[in-house]
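First the structure, in the form of structure tokens, and then the observations on it.
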Amino acid sequence: MAPILLQPLWPGMKVVVVKALENGYIDVADFKAKAEQHSVNLAGTMITYPSTYGIFEEEIKLICDIVHQHGGQVYMDGANMNAQSGLTSPAAYWCRCLSLEFA
């Protein structure tokens with residue numbers, strides 16, 4: 001499962017959990033439904049890309065677009081940034097905030 005909203009220190013904000021598919025991918029239909037349901041309060045999403053399991057989410061651009069359509073921002077945990085090197089770039093899917101860690 002993946003959180004759709006960051007857990008900030010501000011009162012009234014909460015984490016909304018979305019489903020994951022059996023292969024580890026984010027359930028985009030559930031993600032979109034929850035983004036629409038919480039659109040008024042959607043702050044953003046945090047995504048580890050590739051995931052801790054080494055999965056390159058095929059719908060990463062769509063997921064980011066959904067968040068942006070509802071006024072949210074995308075934070076990417078770049079703990080696996082070495083895996084992205086030469087394959088993709090956070091700029092390709094409009095990641096607004098990034099934490100980089102290189103091993």
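Residues with amide H under 5 Å of GLN73's amide H, sequence separation 5 or more or different chain, H placed in the peptide plane at 1.01 Å from N; which?
Result for GLN73 returns GLY44, THR45.
Using amide H atoms built in the peptide plane, which far-off residues or other-chain residues are under 5 Å from ILE26 H to H?
When sequence neighbours closer than 5 places are left aside, the close amide H contacts are LEU21.
Using 1/(1 + (r/R0)^6) with R0 = 22 angstrom and r between the beta carbons of ASP65 and GLU22, what's the FRET efficiency to the nearest 0.05?
Details: r = 24 Å, r/R0 = 1.10.
Efficiency at R0 = 22 Å is approximately 0.35.
Which ³J(HN,Hα) values, rounded to whole Hz and listed in residue order, are derived for segment 52-64 from phi using the Karplus coefficients 6.51, -1.76 and 1.60 in 6.51 cos²θ - 1.76 cosθ + 1.60 with θ = phi - 60°, glycine and proline given as x?
4, 8, x, 8, 8, 4, 5, 9, 4, 5, 4, 4, 5
Per residue of segment 31-40, what does 6.51 cos²θ - 1.76 cosθ + 1.60 with θ = phi - 60° give for ³J(HN,Hα)? Whole Hz please, x for Gly and Pro, Karplus curve as stated.
Ordered by residue, 3J(HN,Hα) equals 4, 5, 4, 6, 5, 5, 4, 10, 3, 4 Hz.
Put a dot 7 Å past each Cα toward the Cβ at ALA29 and ASN41; how far apart are the dots in nm?
Result: 2.6 nm between the two label points.
Give the cross-link partners of LYS34 among the aspartates and glutamates, using a straight C-alpha distance below 20 Å as the criterion and excluding same-chain residues fewer than 8 apart.
GLU22, GLU57, GLU58, GLU59, ASP65
Rule-based calculations on the coordinates, nothing more; no lab input. Just so you know, these numbers come straight off a predicted model, no measurement behind them. With ideal geometry, Cβ positions are generated from the backbone for all residues, glycine too; neighbour counts draw on all protein chains shown.
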